[in-house]
Every structure is written in C-alpha cells, then in structure tokens.
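The values are calculated or read from the model by the stated rules, or taken from the named source; none is laboratory data. No experiment lies behind these values; they were computed from the predicted model shown. Because the Cβ atoms are built from the backbone with ideal geometry, glycine has one as well, and the counts that use them run over all protein chains shown.
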Amino acid sequence: MKKTIVLGLGVSGRSVCNFLSKRGLDFVATDDKSLSFSQFATVSECIEILPVVSSLITSPGISKSHPLVMAAKQQGVEIIGEIELACRQMQRSSQPLIGITGTNGKTTVTLLVTHMLQAAGFEAQAVGNIGTPLLDMIDATGPLVVELSSYQLETMSTKAFQSGVVLNITPDHLDHHGSMEEYAKAKLHLQACLKPQGSFFVHERIKGPSSMRYGFDTSSDVSSDGSHVFRFSKKEIALPSALKGAFTHDAENFLAAYALARDFGVPADICVSAYATFSKPPHRIQFIREIDGVKYYDDSKGTNLDAVIRAVNAVMKDAVKRARIILIAGGVHKGESYTAWIPEFTERVSSIFAIGVAAPLIQADLEHVLPVTIVPSLEDAVRSAREIAKTGDIVLLSPGCSSLDMFKNYKERGEKFQAVVHSL
C-alpha cells in the first residue's frame, strides 16, 4: 500500500492526520516549520519517498511553487486538500452539503444560511474555511454549510454538494493564483463539485457560468426591488425591515442566503424572521465607539481591495454630511495596485495611515492624490488618526491586505485595533 504525505500541520492538516491515523493508513506529515509530531518528516525526506506516494494532501494556501508540490506534480502524484478528502468520504451519503464561496461575504453568508436552517428546525452547522474542518464532520447528521476558499476549491473534484453559491469575484490572492483569470476559475470550480441536478447560484454581475442568478436586477432568479424579494419572477415576501430600501452588500448577502435556504426548503417567512435575530461576525465593518464626535469602525476582515471599497461605501451611508474617512490600511501585499481605490476615495477619504510591508506600495500608488503616512504599528496609526480627526469624521480600519506580517490573523489585528480604540 502506498503512502500519503500531509503538507501543512495547521487546523486542516492535523484533521487529515487524525483521519488517516484512526484508519490505520500509512502516512507522513511535513511542515516548513519544525514541529514535534510523531510522524513528521522533512520536506527533502518527503521528496525522496514520492515514488511510493499515492497522494499529497496540502493545507489551504500552500504555494504552488513549494518544492514538494512541484516535485509531486512532476512525478504524477495526486494533489488534493482536506475538503476534497472529506467529500470523497461523503459523496455517496445522504449528507446535505451547501457550498459558499466568493471574494467577500463568505463567512457572513455561511453563518446566515446556517442560522436560517436552524430557525427552520434543521441541525445545521457551519464548517470549512470558517474554522471547523469538513473532515471532522463526516459523521454529522444535519446539513453542513461549507465556506470554501479559492485555495480549497482548486484541488477539489468530487461531486458532493447539493447546492452552492459564488457571491462575487474581485481581485484577491493573485500572488497565489497568478492571474485574475485563474482566481475566477478556482471560484467558479464550485459548479463542477455539485451533485447531478444540484442548484448553483451566482451574483448577477458574474458573467459566464450557466446558473441561477441573484441580485437587484428583476430578471434574476432571486432579486429585490428594495421592498420585496422576488423568486422565479414571483413576489414572495417583504424584505427584512433593516434592509428596506437598501441596495448594499448586506442586502446582497441576504439574497444569497435566502436563495440557498429557500432551495433547501426553508419557508420564506422563516428566512426573513431569522435575519432579524442574526448578528454579523465581528471585524466586518463593526462599529466600536464614538469619541468626541469621531466614529471608529473595525473592518479587519477587509483583506482585499474591493472589501475596502465596500467598507468605505458602507460607513459613508450612515455618516453625517461632509464626514471624511481616515483610513488605516496595510499588511501583506496581495499583488494588486492600490490605484483602484482612487475613484472610490475621492471626496470620501481624507488621509491614510499605512502599516506593514505593503505601506510603501500604498504610499507610492496613492500619495499623488491623498496624504499617505507610513507608521510603524497599528497602535501608532490609531493614535495618529485621533490627532487629526475632527467631529463627524470616521476612523476606519480596513487594511486591504492580509495580516500575517504583524499578526497571527485578521481577528488578532481587529482585537488589537479595538483594544487601542477603547484605551483612547
């Protein structure tokens, strides 16, 4: 029997090791960091044994240029991820899987769909990229709502999902995928992982795939006119009161969740009532506090350029007239030019405090139109923003970058921001 190699010993990698170990399968695990693990091998040792390896199971985000990945490709070793391994176990079961992907809004929609299903009496659970590996849930009895990243999707092939949605596709992770075309291809690959007759939804602005669409265009399969929800050209129900008259990303997220939940059989009135009791996860355009007439928002989850634009539009919607935004941005650069912000920031953003390794790039791209000041830390950025903020202004942390140069993850970055704001 051939071996399996597990590359990456984070949450998903350890889940794979657990699964293989419980079944007595022959495997070794490796990680670029030196870890204490009973079946650990170095990368070079793993490359040496590739002739007797059947599959390489990689963690999300492992670079395509990783030496072990490249060597495995050259030798024809199958490369998959933890989600694909789980799907292979669940393909023939009656376990309902609902897949959710997109550049922005994945976690919110995943939790909202789960909340709607639970409100209807289903024992639904949110899993996948949101935190709990799908492989840990292969014996679950209720529907699983699976958040899927482009990293996970690019190594998937098994048709295991009952339904799925692609929320949006804007530039992100181009440092990994190499081009916008390859990134979009990874996102839309969800359609190939649906069971026969599975339901596939995409936002109406996404062109190409044969699918059902949702959005604000009345020709879409699920749509809203700002007052009611329409499904397959039929007026079904009034929008939640919080979304009346709204043509925002929050309304789009609701429509996506509504489309999936209704497809699963949740009554329309339960979808709407569930929204009223739903709380968005933290660090997503989260209002923190107001100090001397200045409002502070934590959008640490805004890790790509489009997310920052959405955050700017969202906070301005409720701002006082003539309010200006002081933006805190920066972190690990993802490959796109920050000049994309210029049209959206005009008359909205007054200045930027840039942090992290991307700070010089942000300054170079934007300093000809906006004051951009490079500061050494997030704390310095918050305190500097307070010094120049005037009554009515907004201080917004929306980095447009990943956090891994200065923090463990976006949550730690958001928690640090909130702690500094509360200390002012």
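Which of (1) more than 24 Å from the chain's Cα centre (by Cα); (2) assigned to a helix (DSSP H, G or I) is the odd one out, the single condition Ser54 does not satisfy?
Here Ser54 clears every test but (2).
Please go through region 168-201 and give me each residue that is of a type in the set (Phe, Trp, Tyr) and free of Cβ contacts under 8 Å to residues at least 40 places away in the same chain, ordered by number.
So in region 168-201, the residues of a type in the set (Phe, Trp, Tyr) come out as 183, 200-201.
Passing the criteria: Tyr183, Phe200.
Please go through region 93-118 and give me each residue that is small (Gly, Ala, Ser) and touching a Leu at 6+ places or on another chain (Cβ under 9 Å), ordered by number.
If the condition is that a residue be small (Gly, Ala, Ser) and touching a Leu at 6+ places or on another chain (Cβ under 9 Å), then Gly99, Gly102, Gly105 are the ones that fit.
Among the residues of region 27-43, is any at pLDDT below 95, over 24 Å from the mean Cα position of the chain (by Cα) and either within 21 Å of Asp139 (Cβ to Cβ) or assigned to a helix (DSSP H, G or I) (or both)?
Yes, that holds for at least one residue.
Report yes if some residue within region 223-242 is at pLDDT below 95, outside any strand (DSSP E or B), among the aliphatic types (A, V, I, L, M) and in contact with a helix residue (DSSP H, G or I) (Cβ under 9 Å, 6 or more places away or on another chain); otherwise report no.
Within region 223-242 (the criterion being at pLDDT below 95, outside any strand (DSSP E or B), among the aliphatic types (A, V, I, L, M) and in contact with a helix residue (DSSP H, G or I) (Cβ under 9 Å, 6 or more places away or on another chain)), the answer is yes, since at least one residue qualifies.
Within region 397-424, restricting attention to residues that are polar (S, T, N, Q) and surrounded by 22 or more Cβ atoms within 10 Å (Cβ to Cβ), which residue is nearest to Arg348 (Cα to Cα)?
It comes out as Ser398.
I'd like to check which strands (runs of 3 or more DSSP E) are fully inside region 252-359 and have at least 2 residues that are buried (at least 17 other Cβ atoms within 10 Å of the Cβ) and over 22 Å from the mean Cα position of the chain (by Cα).
Working: elements: 286-291, 294-298, 325-330, 349-355.
Per the criteria, 294-298, 325-330, 349-355.
Being among the aliphatic types (A, V, I, L, M) and either surrounded by fewer than 24 Cβ atoms within 10 Å (Cβ to Cβ) or closer than 17 Å to Pro360 by Cβ (or both): is that true of Ile394 here? Steps first, answer last, please.
Details: among the aliphatic types (A, V, I, L, M): yes; either surrounded by fewer than 24 Cβ atoms within 10 Å (Cβ to Cβ) or closer than 17 Å to Pro360 by Cβ (or both): no.
Taking the combined requirement at face value, the residue does not satisfy it.
For region 371-389, what are the residues that are out of contact with any Asp or Glu (no Cβ under 9 Å at 6 or more places or on another chain), outside any helix (DSSP H, G or I) and either closer than 15 Å to Arg348 by Cα or not small (Gly, Ala, Ser) (or both)?
The answer is Pro371, Thr373, Ile374, Val375, Pro376.
Whether any residue in region 10-24 is part of a loop (DSSP other than H, G, I, E, B) and touching a strand residue (DSSP E or B) at 6+ places or on another chain (Cβ under 9 Å) is what I want to check.
Initial filter on region 10-24 (part of a loop (DSSP other than H, G, I, E, B)): 10, 23-24.
With touching a strand residue (DSSP E or B) at 6+ places or on another chain (Cβ under 9 Å) added as a condition, the list becomes none.
No, there is no match, as no residue in region 10-24 is part of a loop (DSSP other than H, G, I, E, B) and touching a strand residue (DSSP E or B) at 6+ places or on another chain (Cβ under 9 Å).
Given (1) closer than 29 Å to Asn129 by Cβ; (2) free of Cβ contacts under 8 Å to residues at least 12 places away in the same chain; (3) not aliphatic (A, V, I, L, M), identify the lone condition not met by Glu367.
All conditions are met except number (1).
List, please: which pairs have Cβ atoms under 8 Å, are six or more places apart or on different chains, and start with a residue in region 396-420 that is without any contact (Cβ under 8 Å) to a residue 24 or more places away in the chain and end with one that is buried (at least 23 other Cβ atoms within 10 Å of the Cβ) and in a loop (DSSP other than H, G, I, E, B)?
Partner pairs satisfying both residue conditions: Asn409/Ser403; Glu412/Ser403.
If you check Asp217 against the conditions, is it outside any strand (DSSP E or B), surrounded by fewer than 21 Cβ atoms within 10 Å (Cβ to Cβ) and touching a Lys or Arg at 6+ places or on another chain (Cβ under 6 Å)?
It is false that Asp217 is outside any strand (DSSP E or B), surrounded by fewer than 21 Cβ atoms within 10 Å (Cβ to Cβ) and touching a Lys or Arg at 6+ places or on another chain (Cβ under 6 Å).
Any chance region 61-72 includes a residue that's without any contact (Cβ under 8 Å) to a residue 12 or more places away in the chain, outside the structural domain of Glu154 (by TED's automatic domain parsing) and surrounded by fewer than 14 Cβ atoms within 10 Å (Cβ to Cβ)?
Within region 61-72, one or more residues are without any contact (Cβ under 8 Å) to a residue 12 or more places away in the chain, outside the structural domain of Glu154 (by TED's automatic domain parsing) and surrounded by fewer than 14 Cβ atoms within 10 Å (Cβ to Cβ).
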